[in-house]
């Protein structure tokens, strides 16, 4: 079960950390509020391809982090970082997807309920 979701520099989102709880969690908002962006970020964690188009304007990288409760007291942390690499001449290169299993940011610590 998804427990926490952190997003930085992804599409129109500067920085957000969401905590999810047992039971039903509802995401609602007006058109253009960013609901589909949250779903897209979760898709990246589940294996969708990253694109440099998803990096917020004026930023070099986007980060999507999550904490999943996988049962039996086990926690899975996933972090995806999409980096726009540039050559010395500043021409864009292919997008990269980097999976970082190492520590998640301090905001993304798992807190048992």
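The values are calculated or read from the model by the stated rules, or taken from the named source; none is laboratory data. What you see is a predicted model; the values in this text were computed from it and never measured. Heads up, the Cβs are rebuilt from the backbone with ideal geometry, glycines too, and the neighbour counts pull from every protein chain shown.
The condition of being outside any strand (DSSP E or B) and within 11 Å of the chain's Cα centre (by Cα) holds for only one of 27, 39, that being 39. Looking only at segment 20-40, residues that are touching a residue at least 24 places away in the same chain (Cβ under 8 Å) and surrounded by 13 or more Cβ atoms within 10 Å (Cβ to Cβ) come to 3 in all.
Would segment 41-55 turn up any residue that is in contact with a helix residue (DSSP H, G or I) (Cβ under 7 Å, 6 or more places away or on another chain), surrounded by 15 or more Cβ atoms within 10 Å (Cβ to Cβ) and modelled with pLDDT under 90?
Yes, segment 41-55 contains at least one residue that is in contact with a helix residue (DSSP H, G or I) (Cβ under 7 Å, 6 or more places away or on another chain), surrounded by 15 or more Cβ atoms within 10 Å (Cβ to Cβ) and modelled with pLDDT under 90.
In the set (1) more than 14 Å from residue 4 (Cβ to Cβ); (2) at pLDDT 85 or above, residue 66 fails one condition alone, (1).
Rundown of residues vs (1) touching a residue at least 24 places away in the same chain (Cβ under 8 Å); (2) within 15 Å of residue 82 (Cα to Cα); (3) in a strand (DSSP E or B), yes/no style:
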position: 9; (1), (2), (3): yes, yes, yes
position: 16; (1), (2), (3): no, no, yes
position: 43; (1), (2), (3): no, yes, no
position: 65; (1), (2), (3): yes, yes, yes
